[in-house]
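First up is the structure itself, then whatever we jot down about it.
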């Protein structure tokens with residue numbers, strides 16, 4: 001076959017992956033349903049608010065996105081899905097039981113399946129640029145990772161989160177712990193300050209700070225439920241001997257880099273960018289990676305070992 005005939009030949013299009021969603025109560029469920037329904041890589045079979053035996057029994061369904069409101073319920077259904085041979089997208093946090101997650105990931109590996117974690121900002125363009133600047137050495141020797149989420153939450157959500165000792169750090173701060181461990185790896189020490197300081201008499205841990213210690217760096221992650229303008233003040237920042245890179249706010253994404261000396265694509269001094277969003281909707285990038293894993297055998301960007309370590313750090317930080 002010549003190059004001319006090769007280019008003229010029709011492209012091979014893989015059969016769409018049949019996917020179903022178990023649970024609709026998670027805060028990310030609707031956005032993920034929209035992403036899956038919009039993608040040519042997938043044939044979206046539907047979503048069930050309750051645990052669906054039909055999805056588990058249907059041999060045509062290869063992937064189940066697990067999106068119940070409760071972390072314990074999510075982990076239990078993910079295990080059932082792996083037991084019957086399904087790939088799984090498991091939303092955060094992946095349960096409150098480290099042994100349960102360890103079993104799930106080990107069983108998936110034995111069956112040559114993948115459990116993809118639903119941490120929200122693994123493909124966030126500004127955060128990816130921050131971590132890339134640190135990994136490439138453009139920030140010099142990195143000694144600090146700092147990140148914060150503030151969000152006012154209503155009484156109904158407070159009651160839901162108060163079921164877990166880690167409160168807001170367990171539910172929301174897990175995203176930021178994932179970003180810290182993605183850059184710095186496993187910490188040598190974990191300290192969590194998980195506190196209830198709000199006037200609501202619900203016991204929710206609504207004012208939290210986690211410090212991760214490394215041989216030559218510290219990571220500090222805060223989570224609070226008070227700032228009415230919290231979305232504007234969210235940030236992920238890495239600081240090194242040549243300067244800093246910061247993602248803030250998260251939406252619309254903005255990247256600010258301040259360097260002592262020019263490095264990589266960045267000049268000396270302060271500069272700010274609005275990085276382009278990945279193609280598609282929110283979570284399209286996550287499910288595009290999952291499609292490549294299922295159809296092409298692509299290795300996951302984040303290993304099961306990373307996911308288990310990250311969850312261990314979260315549970316320790318939350319005193320769970």
(request) Using Cα pairs closer than 8 Å and at least 6 residues apart in sequence, work out the relative contact order for region 15-118, in percent. (result) 26 percent
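Multiplying the sequence separation of residue 241 and residue 98 by 0.36 nm and subtracting their Cα-Cα distance, what value in nm do you get?
In short, 47.9 nm is gained.
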(request) Under a 10 Å cutoff between Cα atoms, tell me which one of 219, 285, 261 has the largest fluctuation in the Gaussian network model of the chain. (result) 261
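Per the Cauchy relation, a quarter of the hull surface: what is the mean projected area of the convex hull of the alpha carbons in the chain, in nm²? Before the final figure, lay out each step's value.
Numbers: hull surface 75.5 nm².
The number I arrive at for the chain is 18.9 nm².
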(request) Would you mind computing, in nm to one decimal, how far apart the modelled labels at residue 196 and residue 156 are, each placed 7 Å from Cα along Cα→Cβ? (result) 2.2 nm
(request) Determine one quarter of the surface area of the Cα convex hull of region 125-277, which equals its mean projected area, and express it in nm² to one decimal. (result) 9.2 nm²
(message) From Cα pairs below 8 angstrom and at least 6 apart in sequence, can you work out the relative contact order of region 157-312, rounded to a whole percent?
(response) 15 percent
(message) Roughly how far apart, in whole Å, are the Cα centres of region 106-128 and region 229-249?
(response) 24 Å
(request) List the relative contact order of the chain as a percent without decimals, with contacts defined as Cα pairs under 8 Å and 6+ residues apart. (result) 18 percent
(message) Students often check this: by mean Cβ neighbours within 10 Å, which of 170-177, 269-276 ranks highest, and how do the rest follow?
(response) 170-177, 269-276
(message) Could you check the spin-label model distance between residue 189 and residue 273? Points 7 Å from the Cα along Cα→Cβ, value in nm.
(response) 3.7 nm
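Computed from the coordinates by the stated procedures, all read-outs in this text should not be read as laboratory data. Quantities reported herein were computed from a predicted structural model and do not represent experimental measurements. When we count neighbours, we look across all protein chains shown, and the Cβ atoms used for this are built from the backbone with ideal geometry, even at glycine.
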